[in-house]
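Down below is the structure, laid out as structure tokens.
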């Protein structure tokens, strides 16, 4: 993902690389744990969110244009299959998006990048719905 304004700088670079995505994923799960409005999706996760935050950061790294290590791993889980097994409807999708938008606002200084990522993240969240 490049823009003329940012020249050859990729979205991966603009977000801060792996470190930026680890911050984003960590903050996302912290917000999920902190906000009662996200209790529905928090209940779908194990008590220790560390491993899932690492997994999200790895997934986002390849998805946003960084190294695609997560996508070529033989042991990687199928994101769609994992989420299809959960009761994810519009309410859960919206909880996820609210947490992600807040995490983006708190960890990504590049406003244009946040705006670019918003619709793509909404498509991902909607695709995870099982109902």
Quiz item: In whole Å, what is the distance between the alpha-carbon centres of region 13-62 and region 73-131?
Solution: 10 Å
Quiz item: Mind checking which of 23, 73, 42 has the largest fluctuation in a GNM of the chain, springs on alpha carbons under 10 Å?
Solution: 73
Quiz prompt | Principal-axis tilt of helix 17-34 within the chain, Cα atoms, nearest 10 degrees | solution = 30 degrees
Quiz item: Can you give the helix-only mean residue ellipticity at 222 nm for the chain, where every DSSP H stretch with n ≥ 4 adds -39500 (n - 2.57) and the sum goes over all residues, rounded to the nearest 500 deg cm²/dmol?
Solution: -19500 deg cm²/dmol
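How large, in Å, is region 12-127 by the Kirkwood hydrodynamic radius built from its alpha-carbon pairs?
Working: mean 1/r = 0.0689 Å⁻¹.
Across region 12-127, the inverse of the average 1/r is 14.5 Å.
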Quiz item: In percent, what relative contact order does region 12-127 have, based on Cα pairs under 8 Å that are 6 or more apart in sequence?
Solution: 37 percent
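Values quoted throughout were computed directly from the atomic coordinates according to the rules given, and no laboratory measurement underlies them. These numbers come from a predicted model, not from an experiment.
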